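Structure first, then comments.
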Amino acid sequence: MLDLAVVDLADLCVALEDHSYEASWWLDPRTGEIRYHVPDVDDESDEDLDDAGFSRIDPIASHEAYRDMEDFVTRVPDRRAADLLGRSIQGRGAFRRFKDTLCEFPELRERWFAFHDARMRRRAIWWLAAEGFVSHEVAKRAADEYPDPPVGERAVDIDALARDVARDLRVRYGERLAEVLVFGSHARGDAGKESDLDLLVLLVGPVDPWEELRRIDDVLWHHSQLSGVTVSAF
């Protein structure tokens with residue numbers, strides 16, 4: 001078994017993400033040394049490294065890296081940023097578009113680096129365990145030291161949010177607005193992080209539900225975007 005402390009996890013993370021065809025990565029299970037190998041440049045061949053007892057480090061599947069981007073996007077509290085990032089990872093070229101879109105949000109970009117680093121370090125540790133270089137117990141303790149960092153969740157004053165929406169609806173409807181009531185999970189007190197803010201909008205006179213929702217959609221979207229909480233109205 002290797003002493004986990006002798007393994008450069010940063011280098012192992014790079015190796016696990018390197019899908020280049022020109023080079024390969026190897027680990028010496030006796031010393032923990034990680035070697036970058038280019039056949040046309042280095043004197044040794046892949047066969048030489050294999051014969052010398054080195055273990056080849058194959059990269060992770062691309063769908064694992066893609067899942068990290070998906071998970072990150074779901075945790076972004078800024079609705080505009082989350083929407084743009086979510087669009088960026090659809091279809092071919094997702095990884096490049098995701099990185100380009102992050103450049104528009106410098107603080108979020110730094111949070112992605114921290115999030116990505118924690119995910120990859122855990123993968124590197126569990127790779128060592130799967131290859132039999134460290135024990136499951138050692139891997140579990142080490143992996144627990146790299147939890148996903150917060151992406152930017154922030155506490156929202158739901159009562160204040162409801163009052164702000166009601167204020168803007170008053171401007172939109174004037175005397176037709178009788179009352180705005182909170183119902184659903186926030187009214188019951190059992191709302192979770194992903195719960196919508198459900199509002200019952202009471203209007204005076206005839207009501208066409210679809211027309212009213214169309215009329216106030218921009219108000220609901222504006223406050224959803226600012227707060228990070230989806231505001232729904234009935």
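The values are calculated or read from the model by the stated rules, or taken from the named source; none is laboratory data. Since this is a predicted model, take the numbers as computed values, not measurements. Cβ coordinates were reconstructed from backbone atoms using ideal geometry, including for glycine residues, and neighbour counts include every protein chain displayed. Ligands, DNA and RNA are excluded from the accessible area calculation, which covers all protein heavy atoms including side chains. Shrake-Rupley method; radii C 1.70, N 1.55, O 1.52, S 1.80 Å.
Residue by residue through the range 70-81, note down the ones that are farther than 14 Å from P106 by Cα and either within 13 Å of the chain's Cα centre (by Cα) or outside any helix (DSSP H, G or I) (or both).
Answer for the range 70-81, where residues must be farther than 14 Å from P106 by Cα and either within 13 Å of the chain's Cα centre (by Cα) or outside any helix (DSSP H, G or I) (or both): E70, D71, F72, V73, T74, R75, P77.
A quick yes/no check of all residues on (1) more than 29 Å from A143 (Cβ to Cβ); (2) among the aliphatic types (A, V, I, L, M); (3) without any contact (Cβ under 8 Å) to a residue 12 or more places away in the chain:
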| residue | (1), (2), (3) |
| --- | --- |
| E44 | yes, no, yes |
| D50 | no, no, yes |
| R67 | no, no, yes |
| R75 | no, no, no |
| A94 | no, yes, no |
| R122 | no, no, no |
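Any residue in the range 174-185 that is closer than 17 Å to L213 by Cβ sitting within a Cβ distance under 7 Å of a residue that is surrounded by fewer than 16 Cβ atoms within 10 Å (Cβ to Cβ) and polar (S, T, N, Q)? List the pairs, counting only those 6 or more apart or interchain.
Going by the 7 Å Cβ cut-off, there are no qualifying pairs.
Quick one: how many residues across the range 1-47 are part of a helix (DSSP H, G or I) and either among the small types (G, A, S) or open to solvent by less than 70 Å² (accessible area, probe 1.4 Å) (or both)?
So the count comes out to 10.
Taking the residues in the range 88-128 that are loosely packed, with under 13 Cβ neighbours inside 10 Å and of a type in the set (K, R) as candidates, determine which candidate is nearest to G228 (Cα to Cα).
Per the stated criteria, the residue is R96.
Are any of the residues in the range 209-227 part of a loop (DSSP other than H, G, I, E, B) and buried (at least 16 other Cβ atoms within 10 Å of the Cβ)?
No, the range 209-227 contains no residue that is part of a loop (DSSP other than H, G, I, E, B) and buried (at least 16 other Cβ atoms within 10 Å of the Cβ).
For I57, which of the numbered conditions (1) under 17 Å from H19 (Cα atoms); (2) open to solvent by 20 Å² or more (accessible area, probe 1.4 Å) fails to hold?
Just one mismatch for I57, condition (2).
Look through A166, A178 and report the one residue that is open to solvent by less than 70 Å² (accessible area, probe 1.4 Å) and part of a helix (DSSP H, G or I).
Values: A178 fails: part of a helix (DSSP H, G or I).
Answer to the selection: A166.
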